[in-house]
1. Identify the single condition in (1) closer than 26 Å to residue 5 by Cβ; (2) without any contact (Cβ under 8 Å) to a residue 12 or more places away in the chain; (3) among the hydrophobic types (A, V, I, L, M, F, W, C) that residue 103 does not satisfy, given that it satisfies every other one.
2. When residue 12 is evaluated against the numbered criteria (1) in a strand (DSSP E or B); (2) within 23 Å of residue 100 (Cα to Cα); (3) of a type in the set (Ser, Thr, Tyr), which criterion, by number, is the only one it fails?
3. If I filter the range 85-107 for residues that are touching a Phe, Trp or Tyr at 6+ places or on another chain (Cβ under 6 Å) and β-branched (Val, Ile, Thr), do I get at least one hit?
4. Restricting to the range 76-107, what's the tally of residues that are closer than 19 Å to residue 53 by Cβ and modelled with pLDDT under 85?
5. Output the residues belonging to the range 20-63 that are surrounded by 15 or more Cβ atoms within 10 Å (Cβ to Cβ), in a loop (DSSP other than H, G, I, E, B) and more than 16 Å from the chain's Cα centre (by Cα).
6. Considering each of 66, 70 in turn, give the residue that is more than 19 Å from residue 30 (Cα to Cα), of a type outside the set (Gly, Ala, Ser) and free of Cβ contacts under 8 Å to residues at least 12 places away in the same chain.
7. Could you please find all residues in the range 12-30 being in contact with a helix residue (DSSP H, G or I) (Cβ under 7 Å, 6 or more places away or on another chain) and of a type in the set (Lys, Arg)?
Amino acid sequence: MDSPDVAGMRAYGDELRDMFRQIQDVGIELHQQAKAIQVTETSRDGLVSVTVGSRGELVRLDIDPRIYRRPDARHLADTIAETARLATERARERITEIFEPVIPREDFQAHLDGDLETVLTRLADRMGGRR
């Protein structure tokens, strides 16, 4: 009979194998869907619209000419930055939703965040042991 650690590792290995097979089956399609994402966000005052791609890269920036009625470069810069941040958050959320059927949301978000500690902790927990 296997010890709990070995049984946990085997169960997690089986889960990873199943996840990998699912990703292989639908991975190219999911990747294409994720790459095609573009999100547009408009500022609260409606004067700035920012479109970002799947990696948060700036695709388009539209500034309403009415912005010149109140010439405040700092306010404009802050509005652009905040609107771009919101668009990037929405893009990340949509990508997470695309991959959620094959990769658990928390795992995928930790990878997107570059949070290696969380990734390794979750891996250790799922294998039934600790790092």
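The values are calculated or read from the model by the stated rules, or taken from the named source; none is laboratory data. Remember, it's a predicted structure, so these values are computed and weren't measured experimentally. Glycine also receives a Cβ, built like all others from the backbone with ideal geometry; neighbour counts cover every protein chain displayed.
1. So the condition that residue 103 fails would be (2).
2. Here residue 12 clears every test but (1).
3. yes
4. The number of residues fulfilling the criteria is 0.
5. 43, 47
6. Selected residue: 70, the only one of 66, 70 that is more than 19 Å from residue 30 (Cα to Cα), of a type outside the set (Gly, Ala, Ser) and free of Cβ contacts under 8 Å to residues at least 12 places away in the same chain.
7. none
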